[in-house]
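Here is the structure we will look at, set down as structure tokens.
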Amino acid sequence: MEITARSCGKEMEEYGACVASNPSSWQQQCQHLKAKVAECTSSLPVIQKIRSVCSVEFVEFERCLREHQASTDSCSAHVSRFLACAETVDLSASGKGAL
């Protein structure tokens, strides 16, 4: 998350503000901003590696968000599993130092 915030902070800030402003309809209202965050982060080697290694956890988290749009707090266990996986990824050969 820190790497994403450093490299794509503006996009994440806009998306976060949209989600906060649209608690029951953020999936539809903020789709274009979510795409901007995804576009920005997809070019980062570190993010590519984490998404590859933790793809199951990431997909489950995204599914939970879609299913619980009005109560995203329901997905805290999913995000915790994804973040725990991300913490275990060896980033030494992923260009971490280039950021």
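Brief remarks follow.
- Tally, over the range 10-60, of residues that are outside any helix (DSSP H, G or I) and open to solvent by less than 70 Å² (accessible area, probe 1.4 Å): 5
- Pick from the range 61-95, criterion among the acidic types (Asp, Glu) and open to solvent by 50 Å² or more (accessible area, probe 1.4 Å), ranking: modelled with the lowest pLDDT: 73
- Tabulated pairs, the range 56-76, first among the hydrophobic types (A, V, I, L, M, F, W, C), second surrounded by fewer than 11 Cβ atoms within 10 Å (Cβ to Cβ), C-beta under 6 angstrom, 6+ apart or interchain: 70/24
- Residue check for residue 33: modelled with pLDDT under 90, more than 16 Å from residue 85 (Cβ to Cβ) and not small (Gly, Ala, Ser): no
- Taking first residues from the range 1-17 that are farther than 13 Å from residue 38 by Cα and acidic (Asp, Glu) and partners that are open to solvent by 50 Å² or more (accessible area, probe 1.4 Å) and not in a helix (DSSP H, G or I), no Cβ contact under 9 Å between residues at least 6 apart in sequence or on separate chains turns up.
The values are calculated or read from the model by the stated rules, or taken from the named source; none is laboratory data. Remember, predicted model here, so these are calculated numbers, not experimental data. All Cβ positions, glycine included, derive from the backbone under ideal geometry; neighbour counts span all protein chains shown. For the accessible areas, the whole protein counts, side chains as well, though only heavy atoms, and no ligand, DNA or RNA atoms are used. Shrake-Rupley method; radii C 1.70, N 1.55, O 1.52, S 1.80 Å.
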